[in-house]
1. Taking K and R as +1 and D and E as -1, what net charge do the other residues with C-beta under 9 Å from the C-beta of ASN171 add up to?
2. Would you mind pulling out the separation of the Cα centroids of region 179-212 and region 30-87, in Å?
3. With every protein chain present, what accessible area does HIS39 have (1.4 Å probe, heavy atoms only), rounded to the nearest 10 Å²?
4. Can you give the accessible area of PHE76, probe radius 1.4 Å, in Å² rounded to 10?
5. Which value, in Å², gives the accessible area per residue of the chain when a 1.4 Å probe is used on the protein heavy atoms?
6. Need one value: the accessible area of TRP164 in square angstrom, 1.4 angstrom probe, rounded to the nearest 10.
7. Between 0 and 90 degrees, rounded to the nearest ten: what's the tilt of helix 2-15 against the longest Cα principal axis of the chain?
8. Counting only protein heavy atoms and using a 1.4 Å probe, what share of the accessible area of the chain belongs to carbon plus sulfur, as a whole percent?
Amino acid sequence: KNLTALFVLSLLFFSIDVEGQVTMTMTAGISPQRTPEAHYIFVNRSSPRDEFTFDLSTVKASYFIGVGARYDIKPFFFSAEAQYNKRQYVYNIAYTFPGFGRTEEVVQYTESMNVINLPVSIGVDLGIVDVINGFIPQVIVSHQTDLEDFRGYSDKLSPVRFGWHSGIAANIANMRIGLDWQMDFNNYADYIYINDQNLALAGRSSRIVGTLTYNF
């Protein structure tokens with residue numbers, strides 16, 4: 001048994017190209033607009049005249065552009081990138097108290113973030129197809145929201161957040177066409193507060209990203 005295990009390990013060792021190759025990468029990507037499943041919450045329940053429902057209406061289309069490096073040790077590879085990404089969210093607020101001249105109109109508030117994603121990944125090169133997984137530290141460069149004008153608004157948005165991703169890509173010469181699934185470790189709106197009530201919604205912040213990468 002020991003000889004068999006040693007033989008298998010030897011084959012695996014010699015199948016790996018120990019002389020790694022480094023290539024630079026340039027990536028562009030897009031995440032399409034989508035409407036998450038409704039998970040509204042009630043806010044200000046202790047004050048009926050101010051009570052309203054809060055929900056995420058739309059995650060707008062998001063664009064990515066970045067540069068990085070890839071280190072190949074066949075059949076495996078490691079990669080790291082820095083990607084600029086702008087995210088935009090639209091929230092619905094609807095008051096529940098029928099009086100005081102209020103209507104059933106839903107008021108929408110927009111939020112945007114400029115983010116630098118720093119995906120660090122490990123993958124397997126299967127020839128035509130790559131399979132990749134890794135973590136995504138995220139640096140929030142700037143944050144703007146219409147909710148700031150809302151009475152009682154505050155936020156505890158950390159400048160650094162984390163997530164993970166998994167994807168596949170097809171290799172065509174020096175190009176890679178990929179599909180990536182990204183999910184943050186935080187829920188939607190988990191950093192937003194109204195009168196000290198946390199507005200975290202069910203469901204992790206996530207996105208599907210179509211990518212085009214050039215290796216040079």
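1. Cβ neighbours under 9 Å give a net charge of -1.
2. Region 179-212 and region 30-87 have Cα centres separated by 5 Å.
3. 70 Å²
4. 80 Å²
5. 57 Å²
6. The value for TRP164 is about 80 Å².
7. The two axes meet at around 80 degrees.
8. C and S fraction of accessible area: 63 percent.
The values are calculated or read from the model by the stated rules, or taken from the named source; none is laboratory data. In this text, all values refer to a predicted model and were calculated from it rather than measured experimentally. Note that each Cβ is placed from the backbone with ideal geometry, even for glycine, and that neighbours are counted across all protein chains shown. When the accessible area is computed, the model is the full protein with side chains, heavy atoms only, and any ligands, DNA or RNA have been set aside. Shrake-Rupley method; radii C 1.70, N 1.55, O 1.52, S 1.80 Å.
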